[in-house]
Amino acid sequence: MAYSGLIDDIKTIVNLGIPKRVPVFALSEEFDVKWFNQGTYEEIISSADKLAECSIASAYEFDYDWVWLQVDDCIEFEPLGVGSKGNGNILRATCDYLPADEGTLKSLKMPNPKKDGRMPILLDAISKVRKEFGDNICVCGRTAAPFSSASLLYGIEESLLLMFSDPDLLKKTCDFFIELQFMWGKAQFDAGAHALWVGDCNAMSNLISLKQYSEFAYEPCKQLLERYKDLGVLTFLHASEEKPEYIEKQATIGASALSVGPGIDIGIAKRLTEGKIALIGNLDPLNVLQRATPQKVAEEAKRIMSIGRQNGGYMFNTGEMVPRDTPEENMRAMMVSAKSL
């Protein structure tokens, strides 16, 4: 499982080289909590000790090359006054959004990651996982990109409307979130995270045009990624993107690696990104990992790994979150098959 030299392998991949071993990841947190069987998802994420214990145990059990501490999309928005709703095994989602106006923007105050809301829980869990594994596993925290952050503050519909009704407010809100997400990412890096999963799914092609992406989402995300790079933290950008023209644009944004959604063939994604940015992806967690037979899962994992690893610059992963009800034998089949290469 976790091995000496993993972080060096990831850095080689980020530099578009060929590593000694190709890291094998999975967006597995929901699945891991069910397998761990020590409480509901809400109970596990509400305790740094339980979150760390679950993450560590599942990494050992399933041979992940990382620990992905995603938790949910609400952590840094709750201290700003945004509501969140979820219970039991239903992940929290933002709700009760703030008014999309200048008054809201002026009233926002930077949260303190060491004191406010659930932010300290994640920082403590990161520290515990890093203490367990050192540099023999990739400890990955999470932040939202600025455009997606604005949509988690005001709500998706209101944020999209701002592109037409008040583009200046949208841009200034993104500027605020460059600062907030850098602060939040730095706190995780200081706690022991090697990498940050930077989510920008509200800027994907299903929601905005490429022109709108270029005008409103690309530049603030690029600025944030540049600041993370100066900090020394690895960044894995994920918008669950599947359209070639968007992936080509994202390949120039400056992330350490680009994660693509499960709806694009890995060979096409590889051609679009090769020589530009490292690629992460992209086994389908729903139609393959949850619903197919272990044999089919193993075959698909082998196919994706065989194509992705060619000429380096590649890390294996699922293309989206693994459903909690995924059969355990399917997860094992994916990991064993991918690692066989």
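Looking only at strands (runs of 3 or more DSSP E) that fall completely inside the stretch 45-162, which ones have 1 or more residues that are of a type in the set (A, V, I, L, M) and surrounded by fewer than 23 Cβ atoms within 10 Å (Cβ to Cβ)?
Per the criteria, 93-95.
Among the residues of the stretch 21-38, is there at least one that is among the aromatic types (Phe, Trp, Tyr), more than 17 Å from the chain's Cα centre (by Cα), within 17 Å of Arg118 (Cα to Cα) and part of a helix (DSSP H, G or I)? Walk me through it before giving the result.
So in the stretch 21-38, the residues among the aromatic types (Phe, Trp, Tyr) come out as 25, 31, 35-36.
Within this subset, residues satisfying the condition of being more than 17 Å from the chain's Cα centre (by Cα) are 35-36.
Retained after the next criterion (residues that are within 17 Å of Arg118 (Cα to Cα)): none.
No, the stretch 21-38 contains no residue that is among the aromatic types (Phe, Trp, Tyr), more than 17 Å from the chain's Cα centre (by Cα), within 17 Å of Arg118 (Cα to Cα) and part of a helix (DSSP H, G or I).
Mind checking which residues of the stretch 244-287 are surrounded by fewer than 17 Cβ atoms within 10 Å (Cβ to Cβ) and either touching a strand residue (DSSP E or B) at 6+ places or on another chain (Cβ under 8 Å) or assigned to a loop (DSSP other than H, G, I, E, B) (or both)?
Once the filter is applied, which keeps residues that are surrounded by fewer than 17 Cβ atoms within 10 Å (Cβ to Cβ) and either touching a strand residue (DSSP E or B) at 6+ places or on another chain (Cβ under 8 Å) or assigned to a loop (DSSP other than H, G, I, E, B) (or both), the stretch 244-287 yields Thr252, Gly263, Asp265, Gly275, Lys276.
Kindly list the number of the only condition in (1) surrounded by 18 or more Cβ atoms within 10 Å (Cβ to Cβ); (2) farther than 16 Å from Val139 by Cα; (3) touching a residue at least 24 places away in the same chain (Cβ under 8 Å) that fails for Thr40.
The single condition Thr40 does not satisfy is (1).
Residue under question is Asn206, and the condition is that it be under 14 Å from Ser149 (Cα atoms), out of contact with any Pro (no Cβ under 9 Å at 6 or more places or on another chain) and among the polar types (S, T, N, Q); does it hold? So that I can check it myself, show each step before the final result.
Numbers: under 14 Å from Ser149 (Cα atoms): no; out of contact with any Pro (no Cβ under 9 Å at 6 or more places or on another chain): yes; among the polar types (S, T, N, Q): yes.
Answer is no for this residue.
Hey, any hits in the stretch 248-256 for a residue that's out of contact with any Leu (no Cβ under 9 Å at 6 or more places or on another chain), at pLDDT 95 or above and either more than 18 Å from Ile13 (Cα to Cα) or of a type in the set (Gly, Ala, Ser) (or both)? Step through it out loud before you land on a result.
The initial filter retains those residues of the stretch 248-256 that are out of contact with any Leu (no Cβ under 9 Å at 6 or more places or on another chain), namely 252.
Cutting the leftovers down to at pLDDT 95 or above gives us 252.
Checking which are either more than 18 Å from Ile13 (Cα to Cα) or of a type in the set (Gly, Ala, Ser) (or both) leaves us with none.
The answer is no, given that none of the residues of the stretch 248-256 is out of contact with any Leu (no Cβ under 9 Å at 6 or more places or on another chain), at pLDDT 95 or above and either more than 18 Å from Ile13 (Cα to Cα) or of a type in the set (Gly, Ala, Ser) (or both).
Examine the stretch 291-310 for a residue that is buried (at least 23 other Cβ atoms within 10 Å of the Cβ), in contact with an Asp or Glu (Cβ under 8 Å, 6 or more places away or on another chain) and either modelled with pLDDT of 95 or more or not in a helix (DSSP H, G or I) (or both), and state whether such a residue exists.
no
The values are calculated or read from the model by the stated rules, or taken from the named source; none is laboratory data. Values in this document were obtained by computation on a predicted structure and should not be read as measured data. A quick note on method: Cβ atoms are made from the backbone with ideal geometry, for glycine too, and the neighbour counts reach across all protein chains shown.
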